[in-house]
Each structure stands twice: as C-alpha cells, then as structure tokens.
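Presented below is the structure to which this report refers.
The values are calculated or read from the model by the stated rules, or taken from the named source; none is laboratory data. The shown structure was predicted, so the numbers you read here are calculated from the model rather than taken from an experiment. Cβ placement follows ideal geometry from the backbone for every residue including glycine, while neighbour counts extend to all protein chains displayed. In case anyone asks, the SASA skips ligands and DNA or RNA and just uses the protein heavy atoms, side chains included. Shrake-Rupley method; radii C 1.70, N 1.55, O 1.52, S 1.80 Å.
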Amino acid sequence: MLITLISWIYIFVISLVVGMAVNRALSKVMPVPSFAENGHFGVTGLCVTGLVTLTVYAEFFSIFYKVGAVCHVIMLLAACALGYFFRKELVEICRMSTAKLTADRVLLFAGIILLAAFFTANGTFHYDTGIYHAQAIRMLEEYGVLKGLGNLQLHYAYNSSYLPLCALFTLSFLLPFPLHTMTGFFMVLFTCYAADGLFKFRDHRRHGGDLARIAVIIYALTNMTGLQSPATDYGTMFMTLYVLCEWITYAEEREDKNEDIAFYGYLSVLAIFTVSMKLSAALLVVLAILPAVLLIREKKYKEFAMFLLVGFISFLPYMIRNVILSGWLFYPVSSIDLFNVVWKIPAEYMKVDADQIKVWGRCLYDVNRVDEGLASWLPGWWSEKQHYEVMLIYSQFVGAVLALFGLFVRIKEKKVNPAVVLFYITLFANMAMWFFNAPFIRYGLAFLLMLPLCSFGDALEHITSKKKVVSLIIGFVASLIVINFCSWIDNYFMDDLVFIKHNVRASHYVIPVDFDKGNMYEMDMDGLTVYVADIDEVNSYYCSPGSCYDFMVERTELIGDSIKDGFRPR
C-alpha cells in the first residue's frame, strides 16, 4: 500500500503540472475551459488533460524507441521545468483547491484513497492481464512497438493507448518489481471527483449529473478487486464515465453559455481520445456533433480547425501503432484495408479473431455460429446472465422510458437542451453497438450504468410535480430502477467485503502484489527463444517475448535477423 500511495502522488503531481501547462498553451490558440474555484473545470480536468498528454507522448515515443528509462526521464525533466515555470499558477491552484476542503471532504477522500490503495496492492488480476496486458507492457518497455507483433499473438493487435501510459509508470528500470497502479489511480481520481460533486446535491436544480456521479462510484465499487490490473476495459470505462458525467453535469448546471464551445469541445477531444483506449467506446464521438455545430454556426472556422487538429493528434499515434502492430488501420475491422506490408496479419486470421469476440460476447462459443440471427443467440445469452446482471438489463428498459418521457416534457414545455438530447442519443448509440457486436456486460458497463441512473436523476424533477398522478407514476417507475440496482450493488459490495476479510492480514502493506509469473516453456523461432504459456494461459511479464498460444508462434517468423525487425506470418 505504501508504495502504491507514493506512486499515486507521483502520477498526480506530474499529470497536474503537465495538464496545467497544456491547458495554458492551448488557451493561446483556441477556446479551452479555464480553472476556477467554483467552475466545472477543476483539478480533475487538469489531471485528465495531463494524463491524455502523457499517454499521447508515450504512444509517439513507443513508435521510435522503448518506453523505458529514457522516455520516463525526458517526461520527468519536462514536468520539472514546466512546474518551475508555472510555479505561481500551481500555488494558486493548490490554494483554491484546499480552500474548499472541509473536514467531511478530507475524511471521505482519505477513506477512498486508503481503500483503493488496499485493493490495488492486494487484488486479483483480470484474466486478460495474464493473457496479454502484462506481456504487452513488458514488450513496450523492452522494444517499443514491434512490426507485426500481433502475429505472435493476435491479442497484441488489439492495441490500446492505455497500455503505453501504464508502461510509462511501471518504473521497472528503477525498481526490482514493476508497478501496476494506474487503474487504481484512475479510480481514486474519478471517484473523489464524483463524491466531491455530490456534496452540492441540494444546490442543483436538476440531478441527472448527480446520478451520473453515482454511476462513477458504482463502477468503482464493481471493480474494486481488480484495481491492480492494467486492464484496458477498466481504464476505458473510467474515462468514458468521466466524459459522460462532465457532459450531463455541465449541460444541466451551466450558467454562462459563452463557455459552451470551450467545454463541449474539450470533452469531444477527450471522447475521441477515449476511443483509442478501446474501440468499444467508438460511438462516444457522437458527442462531438454539438461543438462542431456551434463552431460552424458562429463561423468560428479557425477554432473548429484547431479542435479537429488537437483531436487528430490525440488519435494519430493510436492509428500508427495499429498499422505497425497488425498492418491494419483498425484491427480487427477488415472493411478498411489500406496497407500491404509484409507483417500484415492475414485477413482469415483476423476474421476468426473478430468472430470469436462476437460469439463469446453472445455466449455461443462457436465461431461457426457467428452469422446466426438475434432470435437464435438471444435466448442463450439471456439464460447465462446472473440475477444481478438480469436486473441491470431490466433497468435499461425502465431508464429508456424515463428518458423518452423527460424528452417529451421538454419538447412540450419548449425547454429542449440539445446537449442533453445528444447525451442520451450517445448512450443509446453506444448501447446498440455494444449489444449487436459483443455484448459482454463489462464492455458496455459505463453506458449500462449511465442510462437508468441519469434518467432517474432527471425524473426527480417530475416526482415533485404538482400533478399528483404524474408524480406517482414517475415515482413508481423510478423506484423500479432503484430496486433493480440493489441486486447489482449488493453482489459487488459483498464481494468487496469478502475480499477485505480474506486479505486484511495480507503481506502487501508496503510492496504491492506482483504480476502472476505463470508457467512458461520455450519455443525456437529462427534462433529466437519465444516463451509460451502453459495450460494456465498466464503470459508471464517476466518472460519476453511471450505468447499464450503455440500455434500462433508456429505460424509466425522473424522479418529479419533480430526481434527488433518484427514478425510476419509464414
């Protein structure tokens, strides 16, 4: 726990300094949110800006060199220089932030941080971390991005900007063990942000944003036992929840319309970046429609171009890395075929991989059934859902009814807020993409939490209506959401309590739990030793290069004489 806490302080300071510097630099050429004591863009916004900047930096660096000591030292020196240059602004930010830290806030934040540190230091690793997350981070530290690495194991071709960020802060070049504390840091940052906003619940006219904050907290509760895992799902969903929460909160609570372009534009850039963390959040970019319309309507073409440029730069290294890793622009999307490179993963391999994602998400478990229609796979998918998952899905239908009712009332009263409408369109679009492609609950959990909770928050306004019949009906429907969520919260809350009971006497109060070492055996590839996971499918961080599947190694060869030349299919 101790080292975990120290690493979080380190990440926080660097991301805050870098975020503030980037915010100041961008403010010279385009509208950006400004830090304010009572505004929407606070310390969390600056840290998120810093984290995005550091991720893009690590991605670009990995294209040319490994994400190791040199990459980290350059970042550290730059952060120190920026911190010195902006020292007055940093002092002012600290003063403004600490001024509102009441005793109850301090106690709550301390509790969140200590609890998260306990779980991050002692938890269990996500299954996919053993398959490829840990090994992908190790490969970034050792080589950067290797041509055709996806041939060695197709999972490497999935590519996520989250993994270079994790690699940037493992400090494996300095410590005798790699740190894996980034997911825990995300949890602390966004949960404290959500909890802080709830202190003003009574001051808010509408409560969709408040319930969005509760969605963030529920997601954190759901994944407490996996906080030590650098899982791309967790990082993506936390960032998605933050973007959605900030969007609906600002849309409901804004007072100065002149800041709309700056704030919605900022969140749209974050949405574009979030897609680079995982394609399951692809339709989050629907949010970008609003600032684009605002900028064009006001004929701010220069600002429009700047937002496009910043969004493109944040997404560019992801696309470049895709091509280097797999030969495809968006793996495993075969419809965009632009490159003919020697390391390109064969289309037939990619199709099987894409089909496996679909059939496993639909609980079919047979790639030969990938073309079966909805009526064929839906009953099996539904039957395999646990009770708490079924209740969560029920709440989507109730949430959709409440959301549509709220829209109807706004239209009738001529109080339609385009930002709120687009928010719900984005939720529905992402849920549709999730359901018809790969409906694993964890792939779409941010949206599954947001829809019913935000519509419930929006309905609170109507529950207090003077029309008793309307009030009673809406109150009853909204209560169904609460009932449905009780099962989900109870399941994961009990899991967390059991985990604490079993690990309270654990030995990880100083040094966090290590990556699973697994059982690896050696295979020869043109003179290169490749380590392959045994039947436990743990692709050990400590044996590199590694793969979980011997048949993938057998159908792959080196491009040149060295691993640095990359891999290609035989």
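Figure legend. Inter-residue proximity from the stretch 226-242: first residues of a type in the set (Val, Ile, Thr), second residues not in a helix (DSSP H, G or I), beta-carbon distance below 7 Å, spacing 6+ or different chains. Indicated pairs: Thr232/Ser160; Thr232/Lys278; Thr236/Lys278. Exactly one residue out of Ala251, Ala220 is of a type in the set (Gly, Ala, Ser) and at pLDDT 95 or above, and it is Ala220. Out of the stretch 293-307, which residues are surrounded by fewer than 16 Cβ atoms within 10 Å (Cβ to Cβ) and of a type in the set (A, V, I, L, M)? Listed by number, the residues that qualify are Val293, Ile296, Ala305. Within the stretch 198-229, being surrounded by 24 or more Cβ atoms within 10 Å (Cβ to Cβ) and of a type in the set (Gly, Ala, Ser) holds for Gly208, Gly209, Ala212, Ala215, Ala220, Ser229. Given the condition among the polar types (S, T, N, Q) and within 17 Å of Leu149 (Cα to Cα), answer yes or no: does some residue in the stretch 343-365 qualify? Checked the stretch 343-365: no residue is among the polar types (S, T, N, Q) and within 17 Å of Leu149 (Cα to Cα).
Trp328 is checked against (1) out of contact with any strand residue (DSSP E or B) (no Cβ under 8 Å at 6 or more places or on another chain); (2) of a type in the set (Phe, Trp, Tyr); (3) surrounded by 17 or more Cβ atoms within 10 Å (Cβ to Cβ); (4) assigned to a helix (DSSP H, G or I) and fails just one. What number does that condition carry? Only one criterion is unmet by Trp328, namely (4). Looking at Ala282, is it surrounded by 22 or more Cβ atoms within 10 Å (Cβ to Cβ) and either in a helix (DSSP H, G or I) or not basic (Lys, Arg) (or both)? Considered against the rule, which asks whether it is surrounded by 22 or more Cβ atoms within 10 Å (Cβ to Cβ) and either in a helix (DSSP H, G or I) or not basic (Lys, Arg) (or both), Ala282 comes out as no. Within the stretch 155-210, the set of residues being free of Cβ contacts under 8 Å to residues at least 40 places away in the same chain and among the β-branched types (Val, Ile, Thr) comprises just one member, Thr170.
Once the stretch 95-128 is narrowed to residues that are charged (D, E, K, R) and surrounded by 12 or more Cβ atoms within 10 Å (Cβ to Cβ), the residue that is farthest from Asp516 (Cα to Cα) is Lys100. Considering Phe186, Phe177, the condition of being out of contact with any His (no Cβ under 7 Å at 6 or more places or on another chain), surrounded by fewer than 23 Cβ atoms within 10 Å (Cβ to Cβ) and within 23 Å of Val513 (Cα to Cα) is satisfied by Phe177 alone. Just give me the residues in the stretch 410-419 being open to solvent by 20 Å² or more (accessible area, probe 1.4 Å) and either in contact with a helix residue (DSSP H, G or I) (Cβ under 7 Å, 6 or more places away or on another chain) or closer than 17 Å to Leu241 by Cβ (or both), in sequence order. The answer is Val416, Asn417, Pro418.
Put simply, of Asp495, Asp526 the only residue that is open to solvent by 40 Å² or more (accessible area, probe 1.4 Å) and either touching a residue at least 60 places away in the same chain (Cβ under 8 Å) or hydrophobic (A, V, I, L, M, F, W, C) (or both) is Asp495. Would you mind stating whether Val32 is surrounded by 24 or more Cβ atoms within 10 Å (Cβ to Cβ), in contact (Cβ under 8 Å) with a residue 60 or more places away in the chain and not in a helix (DSSP H, G or I)? For Val32, the condition - surrounded by 24 or more Cβ atoms within 10 Å (Cβ to Cβ), in contact (Cβ under 8 Å) with a residue 60 or more places away in the chain and not in a helix (DSSP H, G or I) - is met. The single condition among (1) free of Cβ contacts under 8 Å to residues at least 24 places away in the same chain; (2) open to solvent by less than 60 Å² (accessible area, probe 1.4 Å); (3) charged (D, E, K, R) that Glu92 does not meet is (2). Suppose we keep only residues that are among the small types (Gly, Ala, Ser) and within 30 Å of Gly148 (Cα to Cα) within the stretch 51-85. Which one would you say is surrounded by the fewest Cβ atoms within 10 Å (Cβ to Cβ)? Looking at the filtered set, the residue picked out is Ala69. Does the stretch 386-404 contain at least one residue that is in contact with a Gly (Cβ under 8 Å, 6 or more places away or on another chain), among the β-branched types (Val, Ile, Thr) and open to solvent by less than 50 Å² (accessible area, probe 1.4 Å)? Checked the stretch 386-404: no residue is in contact with a Gly (Cβ under 8 Å, 6 or more places away or on another chain), among the β-branched types (Val, Ile, Thr) and open to solvent by less than 50 Å² (accessible area, probe 1.4 Å).
Within the stretch 500-507, one or more residues are in contact with a helix residue (DSSP H, G or I) (Cβ under 9 Å, 6 or more places away or on another chain), of a type outside the set (S, T, N, Q) and modelled with pLDDT of 90 or more.
Test Ile272 against the criterion of being part of a helix (DSSP H, G or I) and either out of contact with any Ser or Thr (no Cβ under 8 Å at 6 or more places or on another chain) or among the acidic types (Asp, Glu) (or both), and give yes or no. So Ile272 does not fit the description; no.
Residues of the stretch 343-351 include at least one that is assigned to a helix (DSSP H, G or I), open to solvent by less than 80 Å² (accessible area, probe 1.4 Å) and closer than 27 Å to Leu445 by Cβ. Leu146 falls short on exactly one of the conditions (1) assigned to a helix (DSSP H, G or I); (2) buried (at least 21 other Cβ atoms within 10 Å of the Cβ); (3) of a type outside the set (Asp, Glu), and that condition is (1).
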